[in-house]
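**Q** Just passing along the structure, written as structure tokens.
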Amino acid sequence: MKKTAVFGGTFDPLHIGHVILAQFILNNGYAEKILFIPSFNPPHKQNKVITEFKHRFNMIKIETDKNCKFEVSDIEKNMAIPSYTYNTLKKLKYYRKEEDLCLLIGQDQFEEFHTWHKYIDIINEFQIIVFRRSNKKIIIPNYFKNKDIVFIKNDIIPVSSTEIRKAIKLKEEFRYKVTEDIWTYIIENDIYYSKESSDVS
């Protein structure tokens with residue numbers, strides 16, 4: 001059974017850190033495929049403006065089309081909102097019975113995992129792979145002990161979607177923080193230069 005790492009997030013935009021991390025997962029045998037899931041209506045960002053879903057999806061697809069072990073799904077676009085990870089994983093599991101799904105999250109998400117919808121069910125039903133975002137020591141809560149959790153020692157790439165959006169609005173150079181094709185897409189579609197629109201499509 002092929003192991004697929006489910007990599008969810010707003011990806012606003014997808015940057016080189018995301019791509020390097022995904023390839024690291026594959027290179028080191030943690031999974032055989034990376035499934036990117038752009039969040040349609042993330043519950044932890046209800047009060048924040050997020051770029052239109054179609055643009056975030058398209059930017060990911062630009063990169064997944066280059067790598068047969070990368071894939072992107074718009075599954076959350078047609079699900080109830082907010083976009084709870086547990087519901088997404090259950091639906092993916094139903095449609096991908098031939099794949100062994102695991103969840104890829106950052107250490108910051110790991111530390112706040114107790115705030116996630118049905119977090120105990122996620123822990124009990126899926127392996128979780130935790131990647132580093134800093135050199136800060138990771139404290140493992142009791143509810144994670146004796147569960148299928150894998151901590152990986154990935155390189156920490158000092159780039160974030162937030163700083164990219166900020167750089168664009170300040171008219172600063174950002175082209176080396178995203179791939180060349182995504183840089184072109186952002187320029188051609190005038191994303192982040194004007195007021196961002198919320199997810200309505």
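What follows is calculated from the coordinates using simple rules that are stated; it is not laboratory data. In this text the structure is predicted, and so the values were computed from the model without any measurement. Positions of Cβ are backbone-derived with ideal geometry, glycine not excepted, and every protein chain shown enters the neighbour counts.
**Q** Out of every Cα-Cα pair in the range 85-176, what percent are more than 15 Å apart? Let's see the in-between values first.
**A** Details: 2801 of 4186 pairs.
Considering the range 85-176, 67 percent of its Cα-Cα pairs are separated by more than 15 Å.
**Q** For residue 106, list long-range residues whose amide hydrogen, built 1.01 Å from N in the peptide plane, is under 5 Å from its own amide hydrogen.
**A** For residue 106, whose amide H was placed from the backbone, the distant partners under 5 Å are 131.
**Q** Still on this model: By what distance, in whole Å, do the Cα atoms of the range 118-159 stretch along each of the three principal axes, largest value first?
**A** Largest to smallest, the principal-axis extents are 32, 17, 16 Å.
**Q** Could you grab the Rg to Rh ratio for the range 28-111? Cα atoms only, Kirkwood for Rh.
**A** 0.95
**Q** Distance in nm between label sites at residue 24 and residue 187, each 7 Å beyond Cα in the beta-carbon direction?
**A** Result: 2.9 nm between the two label points.
**Q** Among 67, 130, 101, which residue has its Cα furthest toward the positive end of the charge dipole of the range 2-188, with +1 on Lys/Arg Cβ and -1 on Asp/Glu Cβ?
**A** Positive-end residue among those listed: 130.
**Q** I want to check the label-to-label distance for residue 65 and residue 169. Put each point 7 Å from Cα in the C-beta direction and report it in nm to one decimal.
**A** About 3.0 nm separates the two model spin labels.
**Q** Rounded to the nearest angstrom and ordered from largest down, what semi-axes does the equivalent ellipsoid of the range 2-188 get from its C-alpha gyration tensor (root of 5λ)? Write out the running numbers ahead of the final one.
**A** Values: eigenvalues 130, 69, 61 Å².
Working from the Cα gyration tensor, I get semi-axes of 25, 19, 17 Å.
**Q** Extension gain residue 78-residue 138, at 0.36 nm per residue separation less the Cα-Cα distance, in nm?
**A** Using 0.36 nm per residue and subtracting the Cα-Cα distance, I get 18.1 nm.
**Q** Can you tell me the Rg and the Dmax, both Å, for the Cα atoms in the range 1-63?
**A** Cα-based Rg and Dmax for the range 1-63 come out at 12.7, 40 Å.
**Q** Given the rule -39500 (n - 2.57) for each run of at least 4 DSSP H residues, summed and divided by the residues of the chain, what is its mean residue ellipticity at 222 nm, to the nearest 500 deg cm²/dmol?
**A** So the calculated ellipticity at 222 nm is -9000 deg cm²/dmol.
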